[in-house]
Amino acid sequence: MAQSIINSLSFLPGWAQILLVSAIPIVELRGAIPWGIFALHMEPIHVMLISIIGSILPAPIILLFVQTVLGWMRRSKHFSKMAAWLDAKAAKGSKKISEYKFWGLMIFVAIPLPGTGVWTGCLAASVLEMKFPRAMLCVALGSCIAGVIVTTLCSMGMMAL
């Protein structure tokens with residue numbers, strides 16, 4: 001599915017593709033950076049900066065509305081199972097984070113693995129009832145760190161080629 005979304009963006013300039021792909025849940029900058037470096041042949045530093053911006057763009061919306069949307073989903077006949085899955089995922093992630101809150105959330109978002117990005121971090125911040133500015137700072141810093149890690153790994157891969 002992610003690949004079909006990426007392919008449907010091919011009419012856009014490279015920077016716009018990277019910006020949009022990095023905002024997609026699950027893919028986020030972990031997929032956008034390799035895409036920009038290897039498929040679009042863009043400069044790694046530019047790809048990283050655009051990807052970080054793109055991954056952070058949805059964060060305020062998620063933080064402000066996730067509880068409202070989840071509440072609606074829980075009451076919905078069609079989305080209640082998905083809401084239960086999201087609740088379980090958030091609870092699992094927030095258990096790991098709750099002891100260290102700020103640093104825990106930031107590190108959680110910074111780990112460049114599937115399911116640990118900005119979207120899940122915002123969900124966990126909501127479950128932990130973190131205040132908006134603090135949650136935004138955590139996910140933004142975590143996204144920056146993840147961007148540096150993924151870009152470094154991709155650049156090392158480029159040197160090996």
Task: Pairs of lysines in the chain (C-alpha under 18 Å apart; 8 or more residues apart or interchain) - done: 6
- [ ] Among Lys89, Lys101, Lys77, determine the one that fluctuates most according to a GNM of the chain built with springs between C-alpha atoms less than 10 Å apart.
- [x] Lys77
Task: Dipole of the range 16-122, positive direction: furthest Cα of Phe65, Val27, Trp103, with charges on the beta-carbon - done: Phe65
Task: Among Ala16, Ala125, Ala135, residue whose mean-square fluctuation peaks in a GNM of the chain (springs only between Cα atoms under 10 Å) - done: Ala16
Task: Max mean-square fluctuation residue, GNM over the chain, Cα-Cα springs under 10 Å, options Ala124, Ala32, Ala84 - done: Ala84
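Every read-out reported here was derived from the displayed coordinates using simple, explicitly stated rules and does not represent laboratory data. Predicted model, so just to flag it, every value in this text is computed and none were measured. Using ideal geometry, Cβ is built from the backbone for each residue, glycine included, and neighbour counts are taken over all protein chains shown.
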